[in-house]
């Protein structure tokens, strides 16, 4: 990050610090002042749309967003909260976005705003942390400062990942993890890293391991959310009051819904309506995302076109979604930029 960007980042940190203090003193006024400031300073359509929608929702004095923000400020480590907000809002989506656009114009291929790593499957020759770190460095060189990791329930693998991410100070990372991978030491390391948001997997309704893991993260002042994969069989439950209430009661701040398989037209309509309602008239103190749709929206805002890419545990690549594996492309045998040039040709400008 150049000197000018570092100065801007420092100013944003000061504003967030003040915003946190104001919210502690008067939740409603503090939140509105912080959002108004962000709206005034925002550049680009993505930020302007975000602040416009947020201001509309906060016009309702009973908006659940007030409860959500109060809970976050009261229970999340303030340094972790400040770092996440500043890195995601500025480093990833402002400074990094401009680097991405510049690189795309010079090289003629698209660049995703985040790299997804899908390490859920057990494999014999799993990417080492050094190899993961090298991919992240190559991404940072062209403006990618965000990474999303899907992992299984192996606690040691999660501990190793956290140790590796600790050296990437300018980035922010979302780790989608099984509840069984969480323990007090992991939670303490998350807060120590200051650059990780943990997203817990909710696979089975009422599963006790989810509630226990959420309690550990909450008690250690982590910023954390929830994710579930949805299909025709479980969509009705995942969008129900029962499910959303259980996520709220676990003190999760967001809910990522990851499309697995959706064939029925009525379920496409149900999901579309649910997400629209979640963004415009929230009933719960949760931020709800349709994973692939939201990532594509950010990609289109930065790069005009969608450019999803995922790296599997054995180094193979997937594009469009995590199931669309490209068997003849491997991060171990080709550089990240050469893979983007091959798989992400720029069509629209």
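Data for the structure
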| quantity | calculated |
| --- | --- |
| Length gained when the stretch residue 269-residue 102 is fully extended (0.36 nm per residue, less Cα-Cα span) | 56.4 nm |
| Separation between Cα centres of the range 82-156 and the range 208-241, rounded to whole Å | 24 Å |
| The chain: antiparallel DSSP beta bridges as a percent of all, rounded to 5 | 20 percent |
| Potential extension, residue 203-residue 153 segment - 0.36 nm per residue separation minus Cα distance | 16.7 nm |
| The range 110-343 - percent relative contact order, Cα under 8 Å, separation 6 or more | 20 percent |
| Calculated FRET value between residue 237 and residue 334, using beta carbons and R₀ = 56 Å, to 0.05 | 0.85 |
| Per-q log10 I(q)/I(0), the range 107-183, q = 0.15, 0.16, 0.24, 0.26 Å⁻¹ (Debye; single scatterer per alpha-carbon; no solvent) | -0.53, -0.59, -1.21, -1.36 |
| Computed helical MRE - 222 nm, the chain, DSSP H runs ≥ 4 contributing -39500 (n - 2.57), nearest 500 | -16000 deg cm²/dmol |
| Gain on full stretching of the segment that runs from residue 262 to residue 1 - 0.36 nm per residue minus C-alpha separation | 89.8 nm |
| Rough spin-label spacing in nm, given labels placed 7 Å along Cα→Cβ, for residue 134 and residue 324 | 2.7 nm |
| Computed over the range 110-343, Cα set: Rg, Dmax in Å | 17.5, 48 |
| Relative contact order computed over the range 105-206 (Cα-Cα under 8 Å; 6+ residues apart), in percent | 26 percent |
| Gaussian network model of the chain, springs between alpha carbon atoms under 10 Å - residue of 222, 123, 243 with greatest fluctuation | 123 |
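Values quoted throughout were computed directly from the atomic coordinates according to the rules given, and no laboratory measurement underlies them. Not measured: the values here are computed from a predicted model. No Cβ is skipped: glycine too gets one built from the backbone with ideal geometry, and neighbour counts run over all protein chains shown.
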